[in-house]
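*Asks:* Have a look at the structure that comes next, please.
Taken together, the values in this text are just the output of simple stated rules run on the coordinates, not laboratory data. Note that the structure is predicted; figures quoted are calculated from it, not measured. Ideal geometry is used to build each Cβ from the backbone, glycine not excepted, and the neighbour counts take in all protein chains shown.
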């Protein structure tokens, strides 16, 4: 389910079935020229990626709008804000929270997050629309959804 | 040899002209009903929308295999590439079956033998929905309808798939 009118209407009618939220974490910055391309690319990939996970697990997962933050921001305070999102979502029967990101700096602050962090070793560059990339993403999505499913049992 | 020039009389000339113009008018009137009458023939068959899923027919076995392909889709504001998938196999009558992997319960992706507990069935990991090999939902599990079936066609030994339709309509 997406944060979209159509999906939310479905959600409201089937609340008891949808117990998992996924929040993509995407850093943003325009100051470091060297990283611009990489950051933009990873943002694109993660968007596709989380969309694919959603597609695989639509009926039980709510994909939260991407959490965007400044790359250099202090992770502690970002984690506090994120937990605010999670707390709010948990007013509904959501029992599982997953954060997906390519940003490894979250790994150190995993404990502060109220949920499961899925850090994916990033794809640095490439052609998002190529066949190879498609296959890589497919593969990873399959593994991630398997992981998510293992939390359900 | 007649030296006499073939003269067109005024009457003849008028006759010719009138016939000509009248003919044009009649043709003009006839064209639209004609077009309508043969319209079903000219209509582009929906088969034109089928996409090659890069799977040769001889490679299809009785074991359901997942195929993925992309189509271009214009949907309101967005023009996008959409990923499609299907479970394809040959049934006991050697006929090709292509099922949509989208669970009829809440839309998760089902997989063939996705659970070790339920061999020979399609399984939805989200809420344990199950379907028999022919796509029929297993009674007592969350889905209330059989898996959708893709429109399909074989051209030059390759499999082409179109829209997924509820079973019985495709």
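*Asks:* Defining a contact as two alpha carbons under 8 Å apart and six or more residues distant in sequence, what relative contact order in percent does the stretch A:5-152 show?
*Replies:* This gives 30 percent for the stretch A:5-152.
*Asks:* Could you check the spin-label model distance between residue B:113 and residue B:19? Points 7 Å from the Cα along Cα→Cβ, value in nm.
*Replies:* 7.9 nm
*Asks:* Same structure again: In percent, what relative contact order does the stretch B:46-165 have, based on Cα pairs under 8 Å that are 6 or more apart in sequence?
*Replies:* 25 percent
*Asks:* Mind giving me the nanometre distance, one decimal, between the label points for residue B:27 and residue B:61, set 7 Å out from Cα along Cα→Cβ?
*Replies:* For the pair residue B:27/residue B:61, the computed spacing is 6.3 nm.
*Asks:* Using only the alpha-carbon atoms, what does chain B span along each of its principal axes? Please give whole angstrom values in decreasing order.
*Replies:* The principal-axis extents, from largest down, are 103, 38, 30 Å.
*Asks:* Same structure again: Take chain B, connect every pair of alpha-carbon atoms lying under 10 Å apart with a spring to form a Gaussian network, then pick out the residue of B:84, B:70, B:104 with the largest mean-square fluctuation.
*Replies:* B:70
*Asks:* Next question. On a 0 to 90 degree scale, rounded to 10, what angle separates helix A:131-152 from the longest Cα axis of chain A?
*Replies:* For A:131-152 against chain A, the angle is about 40 degrees.
*Asks:* Can you give me the distance in nm between label points at residue A:44 and residue A:111, each placed 7 Å from the Cα along the Cα-to-Cβ direction?
*Replies:* In this crude label model, residue A:44 to residue A:111 measures out at 3.8 nm.
*Asks:* Roughly how many whole Å is it from the C-alpha centroid of the stretch A:20-53 to that of the stretch B:120-141?
*Replies:* First find each Cα centre; the distance between them is then 36 Å.
*Asks:* Counting other C-beta atoms within 10 Å, which of A:3, B:77, A:106, A:85 has the fewest, and how do the rest follow?
*Replies:* Ranked by crowding around the Cβ, least crowded first: B:77, A:3, A:85, A:106.
*Asks:* Shifting gears a bit: If each DSSP helix of 4+ residues adds -39,500 (n - 2.57) and the sum is divided by the residues in chain B, what number results at 222 nm, nearest 500 deg cm²/dmol?
*Replies:* Value at 222 nm, helices only, nearest 500: -6000 deg cm²/dmol.
*Asks:* Name the residue, out of B:151, B:113, B:79, whose mean-square fluctuation peaks in a Gaussian network model built on chain B with Cα pairs under 10 Å.
*Replies:* B:79
*Asks:* How do A:1, B:25 line up, fewest other C-beta atoms within 10 Å first?
*Replies:* The most exposed by this proxy come first: B:25, A:1.
*Asks:* Of the residues A:47, A:125, A:97, which exhibits the maximal mean-square fluctuation in a Gaussian network model of chain A defined by a 10 Å Cα contact cut-off?
*Replies:* A:125
*Asks:* Related question: Which value, in Å³ per residue, describes the convex hull spanned by the Cα atoms of chain A?
*Replies:* It comes to 114 Å³ per residue, whole-number rounded.
*Asks:* With axes computed from alpha carbons, what is the tilt in degrees of helix B:10-37 against the longest principal axis of chain B, rounded to the nearest 10 within 0 to 90?
*Replies:* For helix B:10-37, the angle is close to 10 degrees.
*Asks:* Can you put A:96, A:129, B:127 in order, fewest other beta carbons within 10 Å first?
*Replies:* A:129, A:96, B:127
*Asks:* Hey, got the average number of other protein chain Cβ atoms within 10 angstrom for residues in A:57-63?
*Replies:* The per-residue average across the peptide is 6.
*Asks:* The stretch A:61-113 to the stretch B:66-118: how many Å between their Cα centroids?
*Replies:* Using only Cα atoms to place each centre, the spacing works out to 32 Å.
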